[in-house]
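Okay, here's the structure, questions in a sec.
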Amino acid sequence: MAGKIQAIVMPKLGLSMTEGMVAKWHVEEGAKVAPGDMIAEIETSKITNELQAHGAGVIRGSLAEEGVDLPVGGLLCVLADEASSEGEIEAFIAAFKPLDSDRIEVAEAEEASDDARRPQRKDDKARPNPSGQQPPPDDSRIPATPSARRAAARAGINLAEVTPTGTRGRVTREDVEKAAAAAQSAAAPPAQSAATALSGEAYEEVPLTSMRQTIAKRLTASKQAAPHFRLVAEANVDRMLDLRSDLDRGMEDGKISINDLLVKAAAAALMQVPAVNIQFDGSAMRRYAAAHVAVAVALEEGLLTPVIRNANHKSVMEISSEIKELSRRAKLGSLQLDELEGGTFTVSNLGMFGIKAFDAIINPPQAAILAVGATEQRLIPSAGGKRAATIITATLSCDHRVVDGATGARFMQAFKALVEHPYQLLI
(Lines give C-alpha, C1' and ligand atoms only; values in the text may rest on other atoms or scores of the structure.)
Protein backbone atom coordinates (compact mmCIF):
# COMPACT_ATOMS: atom_id res chain seq x y z
CA MET A 1 0.00 0.00 0.00
CA ALA A 2 1.37 3.38 -0.99
CA GLY A 3 2.39 5.73 1.83
CA LYS A 4 1.24 9.27 2.32
CA ILE A 5 3.61 11.85 0.81
CA GLN A 6 3.36 15.65 1.09
CA ALA A 7 5.44 18.35 -0.55
CA ILE A 8 6.95 20.96 1.71
CA VAL A 9 7.31 24.10 -0.38
CA MET A 10 8.66 27.63 -0.13
CA PRO A 11 5.96 29.48 1.83
CA LYS A 12 4.40 32.76 0.80
CA LEU A 13 5.10 35.09 3.73
CA GLY A 14 3.62 38.23 2.18
CA LEU A 15 1.46 39.32 -0.72
CA SER A 16 4.44 40.56 -2.75
CA MET A 17 6.84 37.71 -1.93
CA THR A 18 8.04 35.85 -5.01
CA GLU A 19 11.07 33.99 -3.68
CA GLY A 20 12.92 33.12 -0.50
CA MET A 21 15.70 30.90 0.77
CA VAL A 22 16.41 28.51 3.59
CA ALA A 23 18.63 30.42 6.00
CA LYS A 24 19.13 27.47 8.34
CA TRP A 25 17.85 23.93 8.76
CA HIS A 26 16.78 22.64 12.16
CA VAL A 27 16.12 19.08 10.98
CA GLU A 28 17.93 16.67 8.71
CA GLU A 29 16.81 14.06 6.23
CA GLY A 30 15.23 11.14 8.05
CA ALA A 31 14.13 13.18 11.06
CA LYS A 32 10.71 12.54 12.53
CA VAL A 33 8.63 15.68 13.07
CA ALA A 34 5.32 16.48 14.72
CA PRO A 35 2.93 19.35 14.01
CA GLY A 36 4.41 22.59 15.34
CA ASP A 37 8.05 21.48 15.24
CA MET A 38 10.34 24.13 13.81
CA ILE A 39 12.15 22.64 10.85
CA ALA A 40 13.82 25.62 9.20
CA GLU A 41 14.31 29.38 9.06
CA ILE A 42 13.09 31.00 5.85
CA GLU A 43 14.71 34.28 4.82
CA THR A 44 13.23 36.81 2.41
CA SER A 45 14.73 40.11 1.33
CA LYS A 46 13.28 41.71 4.47
CA ILE A 47 12.65 39.16 7.20
CA THR A 48 13.53 35.74 8.55
CA ASN A 49 10.62 33.57 9.73
CA GLU A 50 10.49 30.21 11.42
CA LEU A 51 8.92 27.42 9.39
CA GLN A 52 6.96 24.86 11.35
CA ALA A 53 5.74 21.40 10.43
CA HIS A 54 2.00 21.30 9.87
CA GLY A 55 1.80 17.53 9.93
CA ALA A 56 3.50 14.47 11.36
CA GLY A 57 5.90 12.31 9.40
CA VAL A 58 9.50 11.81 8.34
CA ILE A 59 11.57 14.33 6.41
CA ARG A 60 12.42 12.58 3.15
CA GLY A 61 14.11 13.45 -0.11
CA SER A 62 16.85 16.02 -0.56
CA LEU A 63 16.76 19.21 1.46
CA ALA A 64 16.82 22.58 -0.30
CA GLU A 65 20.26 24.18 -0.35
CA GLU A 66 20.77 26.78 2.35
CA GLY A 67 21.34 30.27 0.99
CA VAL A 68 19.90 29.54 -2.47
CA ASP A 69 16.86 31.52 -3.67
CA LEU A 70 13.82 29.45 -4.58
CA PRO A 71 10.50 30.68 -5.98
CA VAL A 72 7.42 30.64 -3.80
CA GLY A 73 5.88 27.18 -4.21
CA GLY A 74 9.22 25.55 -5.03
CA LEU A 75 9.99 22.18 -3.45
CA LEU A 76 12.04 22.27 -0.26
CA CYS A 77 11.72 18.67 0.86
CA VAL A 78 9.16 15.91 1.33
CA LEU A 79 7.19 14.88 4.40
CA ALA A 80 6.12 11.23 4.27
CA ASP A 81 5.02 8.45 6.54
CA GLU A 82 7.30 5.53 7.27
CA ALA A 83 5.38 3.28 4.85
CA SER A 84 6.55 5.31 1.85
CA SER A 85 9.28 3.60 -0.16
CA GLU A 86 12.31 5.27 -1.71
CA GLY A 87 10.83 4.57 -5.14
CA GLU A 88 7.62 6.36 -4.21
CA ILE A 89 9.56 9.33 -2.87
CA GLU A 90 11.68 9.57 -6.03
CA ALA A 91 8.60 9.31 -8.26
CA PHE A 92 6.83 12.02 -6.23
CA ILE A 93 9.79 14.39 -6.54
CA ALA A 94 10.19 13.69 -10.28
CA ALA A 95 6.51 14.47 -10.90
CA PHE A 96 6.39 17.53 -8.64
CA LYS A 97 5.55 20.87 -10.25
CA PRO A 98 5.94 24.18 -8.37
CA LEU A 99 2.68 25.28 -6.80
CA ASP A 100 0.87 28.41 -7.91
CA SER A 101 1.77 31.04 -5.29
CA ASP A 102 -1.88 32.09 -5.02
CA ARG A 103 -2.71 28.62 -3.65
CA ILE A 104 -0.06 28.66 -0.96
CA GLU A 105 -1.04 29.41 2.62
CA VAL A 106 1.56 27.59 4.72
CA ALA A 107 4.54 25.39 3.95
CA GLU A 108 7.63 23.85 5.47
CA ALA A 109 11.31 23.71 4.54
CA GLU A 110 14.75 22.05 4.01
CA GLU A 111 17.54 21.62 1.36
CA ALA A 112 16.99 20.49 -2.39
CA SER A 113 19.01 20.63 -5.59
CA ASP A 114 19.77 18.38 -8.53
CA ASP A 115 23.18 17.71 -7.03
CA ALA A 116 21.61 16.74 -3.71
CA ARG A 117 19.13 14.39 -5.38
CA ARG A 118 21.84 12.58 -7.32
CA PRO A 119 22.38 9.11 -5.79
CA GLN A 120 25.89 8.75 -4.44
CA ARG A 121 27.93 6.39 -6.54
CA LYS A 122 30.21 3.86 -4.93
CA ASP A 123 33.32 5.55 -6.31
CA ASP A 124 32.36 8.96 -4.86
CA LYS A 125 34.13 8.19 -1.60
CA ALA A 126 37.26 7.21 -3.50
CA ARG A 127 37.58 10.47 -5.42
CA PRO A 128 39.27 12.38 -2.58
CA ASN A 129 41.80 9.55 -2.28
CA PRO A 130 42.98 8.70 -5.81
CA SER A 131 46.53 7.78 -4.74
CA GLY A 132 45.65 4.25 -3.65
CA GLN A 133 46.73 4.92 -0.08
CA GLN A 134 44.74 3.67 2.91
CA PRO A 135 41.23 5.13 2.48
CA PRO A 136 39.99 7.55 5.15
CA PRO A 137 37.50 6.37 7.77
CA ASP A 138 33.92 5.94 6.61
CA ASP A 139 32.12 9.20 7.47
CA SER A 140 28.67 8.17 6.24
CA ARG A 141 27.37 7.94 9.81
CA ILE A 142 28.82 11.25 10.95
CA PRO A 143 25.89 13.60 11.74
CA ALA A 144 25.97 16.31 9.07
CA THR A 145 23.65 18.47 7.02
CA PRO A 146 23.19 17.47 3.38
CA SER A 147 24.90 20.67 2.20
CA ALA A 148 27.87 19.82 4.45
CA ARG A 149 28.15 16.38 2.85
CA ARG A 150 28.11 17.89 -0.64
CA ALA A 151 30.69 20.51 0.32
CA ALA A 152 32.89 17.82 1.90
CA ALA A 153 32.67 15.65 -1.23
CA ARG A 154 33.67 18.57 -3.45
CA ALA A 155 36.58 19.57 -1.20
CA GLY A 156 37.78 16.06 -0.43
CA ILE A 157 37.18 16.56 3.29
CA ASN A 158 36.38 13.62 5.56
CA LEU A 159 33.55 14.57 7.92
CA ALA A 160 35.15 12.56 10.72
CA GLU A 161 37.95 15.13 10.78
CA VAL A 162 35.66 18.17 10.96
CA THR A 163 34.72 19.84 14.25
CA PRO A 164 30.91 20.16 14.33
CA THR A 165 29.14 23.30 15.53
CA GLY A 166 25.59 22.57 14.37
CA THR A 167 22.60 21.56 16.42
CA ARG A 168 22.73 18.09 17.96
CA GLY A 169 26.41 17.85 17.10
CA ARG A 170 25.93 18.05 13.33
CA VAL A 171 28.61 19.17 10.92
CA THR A 172 27.45 22.21 8.97
CA ARG A 173 28.54 23.52 5.60
CA GLU A 174 30.40 26.34 7.39
CA ASP A 175 32.31 23.75 9.43
CA VAL A 176 33.41 22.03 6.22
CA GLU A 177 34.44 25.31 4.62
CA LYS A 178 36.54 26.20 7.67
CA ALA A 179 38.19 22.77 7.59
CA ALA A 180 38.89 23.11 3.86
CA ALA A 181 40.41 26.56 4.36
CA ALA A 182 42.58 25.25 7.18
CA ALA A 183 43.74 22.35 5.03
CA GLN A 184 44.67 24.70 2.19
CA SER A 185 46.58 26.99 4.54
CA ALA A 186 48.50 24.05 5.97
CA ALA A 187 49.38 22.75 2.50
CA ALA A 188 50.40 26.10 1.04
CA PRO A 189 53.99 27.36 1.41
CA PRO A 190 54.46 30.35 3.72
CA ALA A 191 53.41 33.39 1.75
CA GLN A 192 51.42 36.54 2.02
CA SER A 193 47.70 35.69 1.96
CA ALA A 194 45.48 36.76 -0.91
CA ALA A 195 43.62 38.99 1.52
CA THR A 196 46.78 41.00 2.24
CA ALA A 197 48.57 40.72 -1.10
CA LEU A 198 47.57 44.10 -2.49
CA SER A 199 47.41 46.47 0.46
CA GLY A 200 49.50 44.67 3.03
CA GLU A 201 46.61 44.91 5.49
CA ALA A 202 44.45 42.00 6.59
CA TYR A 203 40.71 42.22 6.06
CA GLU A 204 37.67 40.01 6.21
CA GLU A 205 35.46 39.63 3.15
CA VAL A 206 31.85 39.58 4.33
CA PRO A 207 29.20 38.44 1.84
CA LEU A 208 26.07 40.55 1.66
CA THR A 209 23.00 39.14 3.34
CA SER A 210 19.78 38.87 1.38
CA MET A 211 18.47 41.89 3.30
CA ARG A 212 21.55 43.98 2.53
CA GLN A 213 21.45 43.01 -1.16
CA THR A 214 17.83 44.11 -1.38
CA ILE A 215 18.56 47.40 0.39
CA ALA A 216 21.41 48.04 -2.07
CA LYS A 217 19.26 47.29 -5.11
CA ARG A 218 16.20 49.23 -3.98
CA LEU A 219 18.00 52.35 -2.83
CA THR A 220 20.28 52.40 -5.86
CA ALA A 221 17.21 52.16 -8.10
CA SER A 222 15.50 54.90 -6.07
CA LYS A 223 18.50 57.22 -6.29
CA GLN A 224 18.87 56.63 -10.02
CA ALA A 225 15.19 56.74 -11.02
CA ALA A 226 13.71 59.31 -8.63
CA PRO A 227 14.93 62.90 -9.00
CA HIS A 228 15.30 63.80 -5.33
CA PHE A 229 14.91 67.32 -4.00
CA ARG A 230 15.11 68.29 -0.35
CA LEU A 231 13.40 70.79 1.90
CA VAL A 232 14.79 71.67 5.33
CA ALA A 233 12.82 73.16 8.23
CA GLU A 234 13.53 73.81 11.89
CA ALA A 235 10.90 73.53 14.60
CA ASN A 236 10.69 74.42 18.27
CA VAL A 237 9.81 71.28 20.21
CA ASP A 238 9.51 72.75 23.72
CA ARG A 239 5.73 72.33 23.75
CA MET A 240 6.06 68.84 22.33
CA LEU A 241 8.41 67.91 25.16
CA ASP A 242 5.88 69.29 27.65
CA LEU A 243 3.14 67.23 26.01
CA ARG A 244 5.30 64.13 26.19
CA SER A 245 5.75 64.63 29.93
CA ASP A 246 1.99 65.01 30.35
CA LEU A 247 1.25 61.88 28.33
CA ASP A 248 3.88 59.84 30.17
CA ARG A 249 1.82 60.15 33.32
CA GLY A 250 -0.96 58.17 31.65
CA MET A 251 1.27 55.42 30.28
CA GLU A 252 1.23 52.14 32.16
CA ASP A 253 4.08 50.53 30.21
CA GLY A 254 7.06 52.48 28.98
CA LYS A 255 7.18 56.11 27.99
CA ILE A 256 6.19 58.25 25.05
CA SER A 257 9.17 59.22 22.89
CA ILE A 258 9.47 62.37 20.88
CA ASN A 259 9.63 60.14 17.81
CA ASP A 260 6.14 58.80 18.60
CA LEU A 261 4.84 62.37 18.54
CA LEU A 262 6.73 63.16 15.34
CA VAL A 263 5.15 60.13 13.62
CA LYS A 264 1.71 61.33 14.72
CA ALA A 265 2.52 64.85 13.48
CA ALA A 266 3.69 63.47 10.13
CA ALA A 267 0.46 61.47 9.78
CA ALA A 268 -1.64 64.54 10.56
CA ALA A 269 0.36 66.65 8.09
CA LEU A 270 -0.21 64.03 5.39
CA MET A 271 -3.94 64.44 5.90
CA GLN A 272 -3.58 68.19 5.43
CA VAL A 273 -1.41 67.75 2.31
CA PRO A 274 -2.62 64.45 0.77
CA ALA A 275 -0.58 65.03 -2.40
CA VAL A 276 2.44 63.76 -0.41
CA ASN A 277 0.60 60.71 0.95
CA ILE A 278 1.14 58.67 -2.21
CA GLN A 279 2.88 55.76 -3.85
CA PHE A 280 4.35 55.90 -7.36
CA ASP A 281 5.47 52.88 -9.37
CA GLY A 282 6.85 54.82 -12.32
CA SER A 283 3.64 54.85 -14.32
CA ALA A 284 0.71 55.29 -11.94
CA MET A 285 0.28 57.37 -8.79
CA ARG A 286 -1.87 56.11 -5.91
CA ARG A 287 -3.18 58.67 -3.43
CA TYR A 288 -4.27 57.13 -0.13
CA ALA A 289 -7.08 58.19 2.19
CA ALA A 290 -5.18 57.07 5.30
CA ALA A 291 -1.59 57.69 6.37
CA HIS A 292 0.41 54.47 6.61
CA VAL A 293 3.65 55.73 8.16
CA ALA A 294 6.75 53.53 8.00
CA VAL A 295 9.25 53.94 10.82
CA ALA A 296 12.92 53.18 10.19
CA VAL A 297 14.39 50.59 12.60
CA ALA A 298 18.15 50.03 12.44
CA LEU A 299 19.45 46.48 12.85
CA GLU A 300 23.00 45.17 12.67
CA GLU A 301 22.26 43.46 9.35
CA GLY A 302 20.35 46.33 7.78
CA LEU A 303 17.35 48.62 7.99
CA LEU A 304 13.70 47.65 8.33
CA THR A 305 10.72 49.96 8.01
CA PRO A 306 7.67 48.46 9.73
CA VAL A 307 4.45 50.30 8.97
CA ILE A 308 2.05 52.02 11.40
CA ARG A 309 -1.18 51.63 9.45
CA ASN A 310 -3.87 54.29 9.69
CA ALA A 311 -1.56 56.37 11.89
CA ASN A 312 -3.80 59.41 11.41
CA HIS A 313 -6.63 57.58 13.19
CA LYS A 314 -4.51 56.35 16.12
CA SER A 315 -3.72 58.11 19.36
CA VAL A 316 -0.16 58.99 20.30
CA MET A 317 -0.26 56.27 22.95
CA GLU A 318 -1.44 53.68 20.42
CA ILE A 319 1.32 54.72 18.01
CA SER A 320 3.90 54.55 20.81
CA SER A 321 2.86 51.04 21.84
CA GLU A 322 2.80 49.82 18.23
CA ILE A 323 6.24 51.25 17.42
CA LYS A 324 7.70 49.58 20.52
CA GLU A 325 6.17 46.22 19.62
CA LEU A 326 7.18 46.37 15.94
CA SER A 327 10.71 47.43 16.86
CA ARG A 328 10.98 44.61 19.40
CA ARG A 329 9.87 42.01 16.88
CA ALA A 330 12.07 43.52 14.17
CA LYS A 331 15.12 42.89 16.38
CA LEU A 332 13.91 39.35 17.08
CA GLY A 333 13.34 38.71 13.36
CA SER A 334 9.69 37.85 13.87
CA LEU A 335 7.99 40.52 11.75
CA GLN A 336 5.58 39.39 9.07
CA LEU A 337 6.27 40.57 5.53
CA ASP A 338 2.91 42.35 5.35
CA GLU A 339 3.96 44.49 8.32
CA LEU A 340 6.80 45.89 6.19
CA GLU A 341 4.77 46.71 3.11
CA GLY A 342 2.14 49.26 2.14
CA GLY A 343 3.74 52.37 3.65
CA THR A 344 2.84 55.71 2.09
CA PHE A 345 5.51 57.77 3.87
CA THR A 346 8.58 57.13 6.05
CA VAL A 347 9.99 58.84 9.14
CA SER A 348 13.69 58.21 9.81
CA ASN A 349 15.05 59.60 13.08
CA LEU A 350 18.78 59.62 13.87
CA GLY A 351 18.48 62.11 16.71
CA MET A 352 19.29 59.46 19.30
CA PHE A 353 22.74 59.16 17.69
CA GLY A 354 23.42 62.88 18.04
CA ILE A 355 23.03 63.58 14.32
CA LYS A 356 22.00 67.21 13.87
CA ALA A 357 20.59 66.88 10.35
CA PHE A 358 20.68 64.52 7.38
CA ASP A 359 18.79 63.68 4.23
CA ALA A 360 17.42 60.24 3.45
CA ILE A 361 16.83 58.29 0.24
CA ILE A 362 13.19 57.69 -0.65
CA ASN A 363 11.90 54.18 -0.02
CA PRO A 364 10.02 53.21 -3.22
CA PRO A 365 7.18 53.10 -4.11
CA GLN A 366 6.76 55.95 -1.62
CA ALA A 367 7.34 59.47 -2.89
CA ALA A 368 8.77 61.15 0.21
CA ILE A 369 10.73 60.49 3.40
CA LEU A 370 11.27 62.71 6.45
CA ALA A 371 14.69 62.69 8.12
CA VAL A 372 14.78 64.04 11.69
CA GLY A 373 17.88 65.05 13.60
CA ALA A 374 18.70 65.57 17.27
CA THR A 375 17.29 68.27 19.52
CA GLU A 376 19.62 71.14 20.34
CA GLN A 377 19.43 74.11 22.65
CA ARG A 378 19.49 77.57 21.04
CA LEU A 379 18.78 81.15 21.91
CA ILE A 380 15.84 82.51 19.95
CA PRO A 381 14.25 86.00 19.86
CA SER A 382 11.49 86.64 22.41
CA ALA A 383 9.58 89.59 23.81
CA GLY A 384 12.21 90.12 26.49
CA GLY A 385 15.16 89.77 24.14
CA LYS A 386 16.24 86.15 23.81
CA ARG A 387 15.36 82.86 25.46
CA ALA A 388 16.54 79.27 25.31
CA ALA A 389 14.58 76.89 23.07
CA THR A 390 14.83 73.26 21.97
CA ILE A 391 15.09 72.97 18.18
CA ILE A 392 15.03 70.05 15.78
CA THR A 393 16.00 70.01 12.11
CA ALA A 394 13.84 67.99 9.71
CA THR A 395 14.64 67.31 6.06
CA LEU A 396 12.00 66.16 3.57
CA SER A 397 13.25 64.25 0.51
CA CYS A 398 10.71 64.22 -2.34
CA ASP A 399 10.40 62.49 -5.70
CA HIS A 400 10.13 65.44 -8.09
CA ARG A 401 8.30 63.31 -10.65
CA VAL A 402 5.14 63.38 -8.54
CA VAL A 403 5.75 65.89 -5.72
CA ASP A 404 6.44 69.51 -6.62
CA GLY A 405 8.45 71.92 -4.52
CA ALA A 406 5.42 73.91 -3.40
CA THR A 407 3.62 70.70 -2.40
CA GLY A 408 6.56 69.56 -0.31
CA ALA A 409 6.82 73.03 1.24
CA ARG A 410 3.14 72.95 2.26
CA PHE A 411 3.73 69.61 3.95
CA MET A 412 6.69 71.00 5.88
CA GLN A 413 4.64 74.04 6.92
CA ALA A 414 1.89 71.76 8.22
CA PHE A 415 4.39 69.47 9.98
CA LYS A 416 6.20 72.41 11.63
CA ALA A 417 2.91 73.92 12.85
CA LEU A 418 1.82 70.59 14.36
CA VAL A 419 5.17 70.09 16.08
CA GLU A 420 5.11 73.58 17.57
CA HIS A 421 1.43 73.30 18.59
CA PRO A 422 1.30 69.58 19.42
CA TYR A 423 -1.86 69.60 21.53
CA GLN A 424 -3.72 69.62 18.20
CA LEU A 425 -2.56 66.01 17.85
CA LEU A 426 -4.85 65.01 20.72
CA ILE A 427 -8.00 66.25 18.98
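The values are calculated or read from the model by the stated rules, or taken from the named source; none is laboratory data. Since the structure is predicted, the reported quantities are computational estimates derived from the model, not experimental observations. Cβ sites come from the backbone with ideal geometry, for glycine too, and all protein chains shown count toward neighbours. Side chains included, ligands, DNA and RNA excluded: accessible areas come from the protein's heavy atoms. Shrake-Rupley method; radii C 1.70, N 1.55, O 1.52, S 1.80 Å.
How high is the relative contact order of the range 277-427, in percent, counting Cα pairs under 8 Å that sit 6 or more residues apart?
Relative contact order of the range 277-427: 19 percent.
For the range 263-405, report the convex hull volume of the alpha-carbon atoms normalised per residue, in Å³, without decimals.
138
A further question on this structure: List the relative contact order of the range 2-109 as a percent without decimals, with contacts defined as Cα pairs under 8 Å and 6+ residues apart. Working shown, then result.
Details: 256 pairs, mean separation 41.8, N = 108.
Relative contact order for the range 2-109 comes out at 39 percent.
Here's a follow-up. In terms of solvent-accessible area of protein heavy atoms at a 1.4 angstrom probe, what is the ranking of Asp248, Asp359, highest value first?
Numbers: Asp248 40, Asp359 85 Å².
Sorted by accessible area, descending: Asp359, Asp248.
If the reach is capped at under 20 angstrom between alpha carbons, list the lysines near Lys97, excluding any in the same chain fewer than eight residues apart.
The reachable lysines, counting only those whose Cα sits under 20 Å from Lys97, are Lys4, Lys12.
Among 390-398, 314-322, 83-91, 239-247, how do they line up by average Cβ neighbours within 10 Å per residue, starting with the highest? It would help to have the intermediate numbers written out before the result.
On the way: 390-398: 21.3, 314-322: 18.8, 83-91: 13.6, 239-247: 16.3.
Top to bottom by mean Cβ count within 10 Å: 390-398, 314-322, 239-247, 83-91.
Using a cut-off of 13 Å between beta-carbons, work out the net charge of the residues near Ala182 (Lys and Arg +1, Asp and Glu -1, Ala182 not included). Write down the numbers at each step before the final one.
Details: positive: Lys178; negative: Glu161, Glu174, Asp175, Glu177.
Residues close to Ala182 contribute a combined charge of -3.
Keeping all protein chains in place and using 1.4 angstrom, which order do Phe358, Phe345, Phe92 fall into by accessible surface area, from largest down? Can you show the working numbers first?
Numbers: Phe358 40, Phe345 0, Phe92 60 Å².
Correct descending sequence by accessible area is Phe92, Phe358, Phe345.
Pop a pseudo-label 7 angstrom from the Cα along the beta-carbon direction at both Lys324 and Ser245 and give the gap in nm to one decimal.
About 2.1 nm separates the two model spin labels.
Hey, another quick one. Given an 8 Å cut-off on Cα distances and at least 6 residues of separation, report the relative contact order of the range 213-304 as a percent. Intermediate values should be presented prior to the final figure.
Numbers: 45 pairs, mean separation 16.8, N = 92.
Relative contact order of the range 213-304: 18 percent.
Considering only C-alpha atoms, what is the centroid distance from the range 283-315 to the range 38-91, in Å?
33
For a quick protection proxy, order the peptides 267-274, 406-413, 27-34 by their average other-Cβ count within 10 Å, most packed first. Mind showing how you got there, number by number?
Details: 267-274: 20.2, 406-413: 17.8, 27-34: 16.2.
Averaged packing, sorted descending, gives the order 267-274, 406-413, 27-34.
Over the range 212-426, how many pairs of lysines fall under 18 Å by alpha carbon, counting only those 8 or more apart in sequence or from different chains?
Values: Lys255/Lys264; Lys255/Lys314; Lys255/Lys324; Lys264/Lys314; Lys264/Lys324; Lys264/Lys416; Lys314/Lys324; Lys356/Lys416.
Lysine pairs meeting both conditions in the range 212-426 amount to 8.
Right, another one. Which whole-Hz couplings ³J(HN,Hα) result when phi for each residue of the range 387-394 is put into the Karplus expression 6.51 cos²θ - 1.76 cosθ + 1.60, θ = phi - 60°, listed in order with x for Gly and Pro?
9, 6, 9, 9, 10, 10, 10, 10
Below 15 angstrom from the Cβ of Gln224, what's the summed charge of the other residues (Lys, Arg +1; Asp, Glu -1)? Provide the component values of the computation, followed by the final result.
Values: positive: Lys217, Arg218, Lys223, Arg401; negative: Asp399.
Every neighbour counted, the sum reads +3.
Could you work out the local net charge near Asp399, counting Lys and Arg as +1, Asp and Glu as -1, over the other residues with Cβ closer than 15 Å to its Cβ?
Numbers: positive: Arg218, Lys223, Arg230, Arg286, Arg287, Arg401; negative: Asp281, Asp359, Asp404.
Residues near Asp399 contribute +3 overall.
If DNA, RNA and ligands are ignored and the probe is 1.4 Å, what is the ranking of Ile427, Ile93 by accessible area, most exposed first?
Numbers: Ile427 175, Ile93 35 Å².
Order by accessible area, largest first: Ile427, Ile93.
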